[in-house]
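First the structure, in the form of structure tokens, and then the observations on it.
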Amino acid sequence: MGMAEKAAFLNGIEKRMAAVLTAEARDQALKTVSDALEEYDMVRTVAYSSESDDLLETYLDALRIEGRSEKTIERYRYIISRMMKDVSVQTRQLTVFHIRNYLAKEKARGISDSTLEGHRQVLTAYFNWLQRETLIERNPTANLGAIKRQKKQKTIYSPVEIEKLNNACGSLRDRAIIAFLRSTGCRISEMTGLNRGSVDMQKGECTVLGKGNKERTVYLDPVACMVLEEYLKSRKDDIPAMFIGKRGERLLPDGVRTMLKVLAKKAGLTNVHPHKFRRTLATNLIRHGMQLQEVANILGHDKLDTTMQYVVMNQEDLKNAYRRFYV
């Protein structure tokens, strides 16, 4: 232990004991503590402060340069800063025990294993980057294993469920949204960010802006084109947005989620959400013989592993695929 660290520590202890112990008792206690500390090493640490720790902002700037969306960056900021504030230790002094204790507290608080694994992945990406950039000597997540999650059976919309949603629609706009999501498998943010000028009804295709500001082409089937054309003809405004709300402004993702909740209740359905349309399209395309790479391109996935998570194959699908292989 360095003399400066020891002196600072004992001085702090003495000040705390001054209000509760006599001078004689205080001197005896300090001598006992001093003798005990001779067997230990001491390093002065500084509590975490988001203002004094600039490593997170450096990392987030790097993500921006890589083209990550602001939504993703804000998610990373929230997860990392929340953990750092909880452990109250500077980044360079953080250990795997801090992170494990934090995740254990989050689990005890009722956070699902799936969400915890997502947080672990974000923290691992952060500290891996810091180590690659030589901003930290030791990576506290190097031995932080993946959190096992219970695999839930994923489902897709059946043709009957799609028809029930259509029947529950009270407007052409709602029908157009269902048709668009069903046909394109777009992310909800891609749909709400779409403008009329990006849609070519003659070709049955449109250009959307996906994650990382990457443009891609998605396709509309004849039924979707028909419904969208009817919806656009019914509008009397000159707003460029493809889909608008009741007040005449661009429709936002929360508005779509609310609309689907209302339709689900009217249709007597459960587990209705925008992302399920992507899973439904991916599964149906695979069932009809499209290659996995082609499906990945339509969904805007960079990795085939991601696309595989969207494909729902039941036992009948597997049996039919097996029979085709040997026929």
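We did not get these values from a lab; they are worked out from the coordinates using the rules stated. From a predicted model like this one, the values you see are computed outputs, not experimental measurements. Cβ atoms come from the backbone with ideal geometry, glycine included; neighbour counts cover every protein chain shown.
Among the residues of the range 140-157, is any among the hydrophobic types (A, V, I, L, M, F, W, C) and within 22 Å of residue 312 (Cα to Cα)? Looking for residues that are among the hydrophobic types (A, V, I, L, M, F, W, C) and within 22 Å of residue 312 (Cα to Cα), one finds at least one in the range 140-157, hence yes.
Counting only residues that are surrounded by fewer than 15 Cβ atoms within 10 Å (Cβ to Cβ), among the hydroxyl-bearing types (Ser, Thr, Tyr) and closer than 17 Å to residue 142 by Cβ, the range 95-120 holds 1 of them. Pairing residues of the range 96-122 that are within 21 Å of residue 152 (Cα to Cα) and in contact (Cβ under 8 Å) with a residue 24 or more places away in the chain with residues that are not in a helix (DSSP H, G or I) and not basic (Lys, Arg), at Cβ distances under 6 Å and at least 6 apart in sequence or on separate chains, gives 113/147; 116/147; 117/147; 120/147.
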